[in-house]
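Coordinate-derived values only; no laboratory data. Quick caveat: nothing in here was measured; it's all calculated off a predicted structure. Ideal geometry is used to build each Cβ from the backbone, glycine not excepted, and the neighbour counts take in all protein chains shown.
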Amino acid sequence: MKRNLLLFVLLVLGLACGAQAPWNGTVAEVYEGGDGTSESPYQIATAEQLALLAYETNNGLGGDACYVLTNDIDLNAADSIIWIPIGNEEKFSGVFDGDGHTIGGMYQDGLKYSGLFAYTENATIKNLRIEKANIVVYVQEYVYSAMAGFISAQSLNTNIIDCFVDGWMGVASTKPAGGLVGTFLVDVGENDTIFIKNCTNNAEIWDNLHLGGLVGVSHVENGQLLVEKCVNNGDLTGIGFTGGIIGDGEFIIRHCHNYGKIFGETTAGGMVGQGGSFGLIEYCINHPSGEVTGGCSAGGIIGTPIFTTIRMSGNMAPVKGQGSDMILVGGIAGSDGSISNCYNTGDLSGELTDTVYPIAQFGGITGSPTEGFVYNVYNAGQITKPTNPNLTNAIYGHIIPAILSDTAIRNCYYYGNVEIPAYVYNASGPSYVYLPGSCAFNEGASATTWTLDETQYGTTDLLDALNAGAMGECIWIEDTEGINRGFPVIGNMDLTQVKEHPVANYFSVYPNPTNGILFVETRRATSLPAANEYRITNLLGQTLQTGSIGGEMHQIDVSGLHSDMYLLTFDGATVKFVVK
């Protein structure tokens, strides 16, 4: 009797806590509630009701309304039931709000379009977690056409906000794969923006072609794609262009982080494999665990930039070239690129297997001559030359291995690498030249200060020279936390970015740096109390200012603070901000 009572109590508790039995493949007849409007979205509480959304969308009976998860859902406990994605026949064009809930155990094998959604257009997907997903595409029938992403195989003009994915994906196809989306298309008004924001990939992914931790390939016809405050933790292995955030395409990437190992048999980068007709990467970090290996071109931030500009970004991970006859290796870019206010502290190395005329080019910032520009950067990574005995065609540079006559380059600083000459080859000369306004630097009076060998901007202090050369674009500060081996960092980059963003509860501050007014924007799964205390401290932990914040937006007057970096603690989290 007592045992039966205990089982009954456990059953009641399970139901009360929203526990779900694994999906058996059936489809519900109705949703839990709601009418599909933004005020009253259709409520999805079970796997059967999620399958109803797939059924209605794929048969042209729905998929254009508002939907919200009201429970965690278990799609498959034993990889026995394949999830047929939403929008497999007709596109999904509605709003899907996960409300912080998790869809677990999604299993797909042999589908042409793999993901929770197959195709989305003019849609919004937000506040969603996908965990323990397993996607496999090794079917000869689809080797030239399969696309995969845990959120969506392909998306057009779709905002993806506050999403987290985890699992494993293996795709044998000439089409792209990504942690969130395989192929991402943007075609909106000229001044309009599509967002991928506050998203995290934790999954390990293998792919035959273009691969990104978030997006495999992005194409922007009109408008812009902004990828902001996103993180990749997953190890990525691709045959083509492989990047921690995007494999290949057009984009604006801001305040993103990579922690996963990146391997691209063709090209690899900590943020992007290859840029397209337009690209901008700023305030991004490839962390020490984000080792990059590229078969032809390898860069700590981007493999091959093409028309991409990289600024206010840093690489701290090892970068390796691993090819047969040619490797281009750079601390920021594998080849080419327009680069300003960036740093590399990751070590560079490579190996070549070809026995006939192999080629190697290494640069602390970029691995080849560039038609762009290189301004106000430094390299503190060590360069290890390949040992191939047939390697007679090799050039190395502290910053860049060679320049062209129209290369705009100045104010570049470097540490170590005593075997590499200070001058570089001018391919348009041909001759050897010294980079203008550039020199070596060495240890200063403390572990976070560095002294230039030559005076720049009237100073021999590296930090002062970097700030003078930044021309107001950013603020360089000392690495007081020891995250970058004591070398200078960009002031408004979040060096302590957590590996997993909260899905529904977070806050952000802007502008950063600020001249006196700091705007605080909050988003929470639950409502914010009318008065929630905040605290501002300096880097020594001394409290300088306190107050309260209520609602979704608040202003804090910090005009009384001196120019420096500070910490704002609020709602159980802490962010850094800089006062100019």
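Structure summary
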quantity: Computed helical MRE - 222 nm, the chain, DSSP H runs ≥ 4 contributing -39500 (n - 2.57), nearest 500; calculated: -2000 deg cm²/dmol
quantity: Estimated inter-spin distance, GLU48 and ARG410, nm [label 7 Å along Cα→Cβ]; calculated: 7.2
quantity: Principal axis box of the range 235-319, alpha-carbon based, largest edge first, Å; calculated: 24, 23, 15
quantity: The range 165-279: proportion of alpha-carbon pairs further apart than 24 angstrom, %; calculated: 14
quantity: Over 23 Å (Cα to Cα) - which of LYS112/LYS229; LYS132/LYS320; LYS126/LYS229; LYS229/LYS261; LYS175/LYS385; LYS175/LYS261 fall in this group; calculated: LYS112/LYS229; LYS132/LYS320; LYS175/LYS385
quantity: Cα coordinate range in the chain, projected on the principal axes (Å, largest first); calculated: 84, 63, 55
quantity: Ranked list, fewest to most other Cβ atoms within 10 Å of each Cβ, for ILE84, ILE365, ILE420; calculated: ILE84, ILE420, ILE365
quantity: Over the chain, relative contact order from alpha-carbon pairs under 8 Å, at least 6 apart, %; calculated: 6
quantity: Long-range HN-HN contacts of ILE73 with modeled amide H, under 5 Å; calculated: THR102, ILE103, GLY104
quantity: Residue order, fewest to most surrounding Cβ atoms within 10 angstrom, among TRP168, TRP206, TRP450; calculated: TRP168, TRP206, TRP450
quantity: Cβ-based exposure ranking for PHE150, PHE487, PHE195, in which fewest neighbours within 10 Å come first; calculated: PHE195, PHE487, PHE150
quantity: Potential lengthening between GLN555 and TYR144 on full extension [0.36 nm per residue; Cα-Cα distance subtracted]; calculated: 142.7 nm
quantity: Hydrodynamic radius by Kirkwood, which averages 1/r over all alpha carbon pairs of the range 235-504, in angstrom; calculated: 17.9
